[in-house]
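S.K.: Below you'll find the structure I mean.
The values are calculated or read from the model by the stated rules, or taken from the named source; none is laboratory data. These figures come from a predicted structure and were not determined experimentally. Please note: Cβ atoms are built from the backbone with ideal geometry, for glycine as well, and neighbour counts cover all protein chains shown.
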Amino acid sequence: MRRKICVVTGSRAEYGILKPLLDSIVKDNRLRLQIVAIGMHMSKEFGLTYKEIESDGFRIDRKVHTLVHSDTHAGISSSMARSLEASAQAFESLCPDVVILLGDRFDIFSAATSAYIAGIPIAHIHGGEVTEAVIDEAFRHSITKMSYIHFVSTDVYRRRVIQLGESPDRVFNVGALGVDNIKRSRLISRDEIERSINCGLGERNILATFHPATLEAETPRAQFKKVLSALGEMRDVKLFFTKTSADSGGRSINRMIDRFVASRMDMAVSFKSLGRLRYLSLMSYMDGVIGNSSSGIIEAPSLRVGTVNIGDRQKGRVRASSVIDCEVSQESIGGALKKLYSSSFQRSLSSVRNPYGNGGAADRIKKVLAGFVFPKEIKKAFYDIKVGRD
């Protein structure tokens, strides 16, 4: 009997990362793929991105509306409650053998809680990472403690998961799935991408993605105002904005993007969702990416594209030499952009090494999922690093 692998996805970015793994699972006759789509996938406001999953040829077993039309603290909690109930009902109906969860979002935390209560083993991807300025930090480590096996992206993160008390024989360093996306894809040509997005590229181009840093004292709106002030000083640079997610304060950032683009239609354009292939393809033609998205840390180095990483949202993550860190101030961001466009920095990009690997993560994960022997009862002893070796 084929092992039923249930993948829960709640956002466009998360699905884009998971796509190579879904492809690998479908091709293995020992495994049967199940997909549960929740959260932003089902929201018109965020682009109804479940359609991208279906257009890639996958069948979604459960589509669940869990997102409320509010990104306040109370609104996020309401969405979490809906996700908890919906994922519990989905798991009861689908009876998966393993639940796959990626990352650290609030809806994924809810799905982890449901699976854990049901006694379903959880396989967690991208555990052990650190993002000090967002609530996702606590969600990620909590998901680690509820999970039975772990697929991490660097040795640093493997050691951290073990430090959290997880047994070394259940923690696998497989690299990052985001790199697989680049290695497996035929990126779209410049002419094709311009036709696809109905917008020409400039002589100089920047891709901007900024998410709320939910644990910082300064509001996302105040922070993003400084980002836009710095970008507004750029001359002869085309700006491509991808809108943010349903995190607390995200909608205010999206409204600010709309106003900025409307006032500078000759130099700026924005997108609700580009989809995995168009996003990576567009990134490959950029002079750099700017903001605080994990894609600037994990994917951009494999494309030899520089990153201006703003603030503390990605603080603690392993990074390549192509990442320029700066503070959330117009002066600091301006200085980072100046460095990005310096000839010495641009020359250095040709020799960048991505610490998240060179691809192959999907097949490594699939191999473990197919062969791992799970106990009948999912019980874990706390692994004490003082009395064992990793």
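S.K.: Hey, can you tell me all the residues within segment 43-85 that are on the phi > 0 side of the Ramachandran plot and crowded, with 19+ Cβ neighbours inside 10 Å? Walk me through it before giving the result.
M.R.: Residues of segment 43-85 that are on the phi > 0 side of the Ramachandran plot, as a first pass: 47-48, 57.
Result: no residue meets the conditions.
S.K.: Output yes when any residue across segment 226-239 is under 28 Å from G10 (Cβ atoms) and either in a helix (DSSP H, G or I) or in contact with a Pro (Cβ under 7 Å, 6 or more places away or on another chain) (or both), and no when none is.
M.R.: yes
S.K.: Further question: Do we find that G75 is of a type in the set (G, A, S), more than 21 Å from the chain's Cα centre (by Cα) and outside the structural domain of R276 (by TED's automatic domain parsing) in this structure? Even if it seems obvious, please write down each step before you answer.
M.R.: Working: of a type in the set (G, A, S): yes; more than 21 Å from the chain's Cα centre (by Cα): yes; outside the structural domain of R276 (by TED's automatic domain parsing): yes.
In short, yes.
S.K.: Would you confirm whether or not segment 352-374 contains a residue that is closer than 20 Å to I143 by Cα and hydroxyl-bearing (S, T, Y)?
M.R.: no
S.K.: Turning to a different aspect of this structure: Can you tell me which of R347, R389, R319, R304 is over 24 Å from F210 (Cα atoms) and either touching a strand residue (DSSP E or B) at 6+ places or on another chain (Cβ under 9 Å) or at pLDDT 95 or above (or both)? Spell out the reasoning first.
M.R.: Values: R389 fails: either touching a strand residue (DSSP E or B) at 6+ places or on another chain (Cβ under 9 Å) or at pLDDT 95 or above (or both); R319 fails: over 24 Å from F210 (Cα atoms); R304 fails: over 24 Å from F210 (Cα atoms).
So the residue among R347, R389, R319, R304 that is over 24 Å from F210 (Cα atoms) and either touching a strand residue (DSSP E or B) at 6+ places or on another chain (Cβ under 9 Å) or at pLDDT 95 or above (or both) is R347.
S.K.: Of all residues in segment 350-376, which are among the polar types (S, T, N, Q) and assigned to a loop (DSSP other than H, G, I, E, B)? Even if it seems obvious, please write down each step before you answer.
M.R.: Kept after step one, since they are among the polar types (S, T, N, Q), are these residues of segment 350-376: 350-351, 354, 358.
Those that are among the polar types (S, T, N, Q) and assigned to a loop (DSSP other than H, G, I, E, B): N354, N358.
S.K.: Could you tell me whether segment 377-386 includes any residue that is at pLDDT 95 or above and not in a helix (DSSP H, G or I)? Outline the logic, then answer.
M.R.: Taking segment 377-386 and keeping what is at pLDDT 95 or above, we get none.
No, segment 377-386 contains no residue that is at pLDDT 95 or above and not in a helix (DSSP H, G or I).
S.K.: What pairs come up if the first residue lies in segment 32-59 and is without any contact (Cβ under 8 Å) to a residue 24 or more places away in the chain, the second is of a type in the set (A, V, I, L, M), and their beta carbons are under 9 Å apart, counting only those six or more places apart or on different chains?
M.R.: As it stands, the answer is L48/M42; Y50/A37; Y50/M42; Y50/I60; E54/I60; G57/V26, since those pairs meet every condition given.
S.K.: State all residues of segment 195-218 that are in a strand (DSSP E or B) and at pLDDT 95 or above; if no residue qualifies, say none. Walk me through it before giving the result.
M.R.: Here is the first cut: in segment 195-218, the residues in a strand (DSSP E or B) are 205-209.
Answer for segment 195-218, where residues must be in a strand (DSSP E or B) and at pLDDT 95 or above: N205, I206, L207, A208.
S.K.: Of (1) surrounded by 21 or more Cβ atoms within 10 Å (Cβ to Cβ); (2) assigned to a strand (DSSP E or B); (3) not acidic (D, E), I17 satisfies all except one. Which?
M.R.: (2) is the only condition that I17 fails.
S.K.: Six or more apart or on different chains, Cβ atoms under 9 Å: show the pairs whose first residue is in segment 291-308 and over 19 Å from E14 (Cα atoms) and outside the structural domain of A13 (by TED's automatic domain parsing) and whose second is among the acidic types (D, E) and not in a strand (DSSP E or B).
M.R.: V305/D287; V305/E299; G306/D287
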